[in-house]
């Protein structure tokens, strides 16, 4: 068990008046044990108690887990009633914190077995701790972002007249693996011209012609941690209007990055970028939040949005990705991951953001 992480989570649920919790999200189990177990339809549960000697992890015998995880394992097979087994270890006279990923069929069965006096959604006890990365996590995320920079440099070499969006997207896995990544953090998003103005467009048969924008939103996984970056290029030439849009987005992103430091509200960071785009007359064309948290998962708890009034803290990592999307014409988005230091934001991506004409 990662004891420092466990101690922070235990402190959190004690502050909520809880003495026990079940963690079922495989990513959170990985965060605490260093072992990724994808249980599919089977139950995976890490039971944690204020008395650490009572901690247990419940694993189906289908999965090979030979490592010492620093917590006692309770095995069960497909003929077992895993929720009832879990209820034999919980304190039935106390409230039980429940992970948001605990499936209803297991939770309802645990309730039938009288596993606790009551049940509380305690996911934030883990999610908030995961927001602030430790030294090991920061190193891993810096490496994942370094690989993403290299991959972006490689993929634009393959952009040529007549190539299809799906052809470019399909080559990313080969590129990532050549640089040592395990795979994608999400399916690559590649859009040419008007396709780039479609929200989270996943690429299709649309082929490239001169003057098109080329939006590439990609990320990889390296040693269990994710990267995410977007760049928008132009093929052969760029119109004055498209250049103007690009420079507005770039200015908006930099304004947001410049104000990031501990104590600043996320909603104010979002506003800094959104105001620049709105003042330029494109406010209605910036159609999504400014950013999201990232780590073991590409999208983790927390975001940079108008509704998030919580404050920035050191060692948080999140994206800053403003965009302008003109339907039927062009889409421009520029995205980087930022690490919050004690005084500012450190951008994890080094790939150029200057307007680039390729091909």
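Values in this text are rule-based calculations from the coordinates and carry no lab data. These figures come from a predicted structure and were not determined experimentally. Cβ sites come from the backbone with ideal geometry, for glycine too, and all protein chains shown count toward neighbours.
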Self-check item: Shape call, segment 138-243: gyration tensor on alpha carbons, a/c limit 1.5
Solution: prolate
Exercise. Go ahead and set up a Gaussian network model of the chain, Cα springs under 10 Å, then flag whichever of 319, 170, 80 fluctuates most.
Key: 80
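Tell me, what is the percent relative contact order of the chain, built from C-alpha pairs under 8 Å that lie six or more residues apart?
Relative contact order comes out at 14 percent.
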Quiz item: Given the options 295, 323, 284, which has the most mean-square fluctuation in a GNM of the chain, springs set between C-alpha atoms less than 10 angstrom apart?
Solution: 284
Quiz item: Got a sec? How would 78, 275 order by Cβ neighbour count within 10 Å, fewest to most?
Solution: 78, 275
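Assuming 0.36 nm per residue, please report the length gained on full extension of the stretch residue 210 to residue 91 beyond their Cα-Cα distance.
Full extension of this stretch gives 36.2 nm more.
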Exercise. Provide the three semi-axes, in whole Å and in decreasing order, of the ellipsoid equivalent to segment 3-130 as defined by the square roots of 5 times the Cα gyration tensor eigenvalues.
Key: 20, 18, 13
Quiz item: Could you give the length gained on full extension between residue 343 and residue 251, defined as 0.36 nm per residue of separation minus the Cα-Cα distance, in nm?
Solution: 31.0 nm
Quiz item: Which order do 25, 99, 134 fall in if you start with the one that has the fewest other Cβ atoms within 10 Å?
Solution: 134, 25, 99
Exercise. On each of the three principal axes of the Cα atoms of segment 241-359, give max minus min coordinate, whole Å, ordered largest first.
Key: 38, 31, 25
Quiz item: Taking the Cα-to-Cβ direction at residue 77 and at residue 3 and moving 7 Å from each Cα, how far apart do the two end points lie in nm?
Solution: 3.6
Quiz prompt | In Å, descending, principal axis extents of the Cα set of segment 17-61 | solution = 31, 19, 18
Quiz item: If the label point is 7 Å along Cα→Cβ of residue 117, which residues in segment 6-48 have backbone nitrogen under 14 Å from it?
Solution: 17-20
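Taking a cut-off of 19 Å, what percent of all Cα-Cα pairs in segment 87-169 are separated by more than that?
It works out to 64 percent of all Cα pairs.
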Quiz item: From the square roots a ≥ b ≥ c of the eigenvalues of the alpha-carbon gyration tensor of segment 155-306, which class results: rounded (a/c under 1.5), prolate (a/b over b/c), or oblate?
Solution: oblate
Quiz prompt | Helix 266-279 vs. the chain, principal-axis angle (Cα, 0 to 90°, nearest 10) | solution = 20
Quiz prompt | Rotationally averaged projected area of the chain (alpha carbon convex hull; nm²) | solution = 18.9
Quiz prompt | Residues 1, 229, sorted so that the one with the fewest Cβ neighbours within 10 Å comes first | solution = 1, 229
Quiz prompt | Listed residues 315, 79, 60, most fluctuating in the chain (Gaussian network, C-alpha, under 10 Å) | solution = 79
Practice problem: State the extension gain, in nm to one decimal, for the chain segment bounded by residue 352 and residue 200, taking 0.36 nm per residue of separation less the distance between their alpha-carbons. | Solution: 52.5 nm
Quiz item: Taking only C-alpha pairs under 8 Å that are 6+ residues apart, what is the relative contact order of segment 173-290 in percent?
Solution: 18
Exercise. Evaluate the Debye formula for segment 141-197 with equal point scatterers sitting on the alpha carbons, no solvent, and hand back log10 of I(q)/I(0) at q = 0.20 Å⁻¹, in q order, two decimals.
Key: -0.76
Quiz item: What FRET efficiency comes out for the pair residue 161/residue 299, r = Cβ-Cβ distance, R0 = 41 Å, nearest 0.05?
Solution: 0.75
Practice problem: First check a/c for segment 231-306, with a ≥ b ≥ c the square roots of the eigenvalues of its C-alpha gyration tensor; if it is under 1.5, answer rounded, and if not, answer prolate when a/b is larger than b/c or oblate otherwise. | Solution: prolate
Practice problem: Quickly work out the residue 103-to-residue 54 label distance, labels modelled 7 Å from Cα along the C-beta direction, and quote it in nm with one decimal. | Solution: 2.7
Quiz item: Taking the DSSP beta bridges in segment 1-144 as the whole, what percent of them are antiparallel, to the nearest 5?
Solution: 40
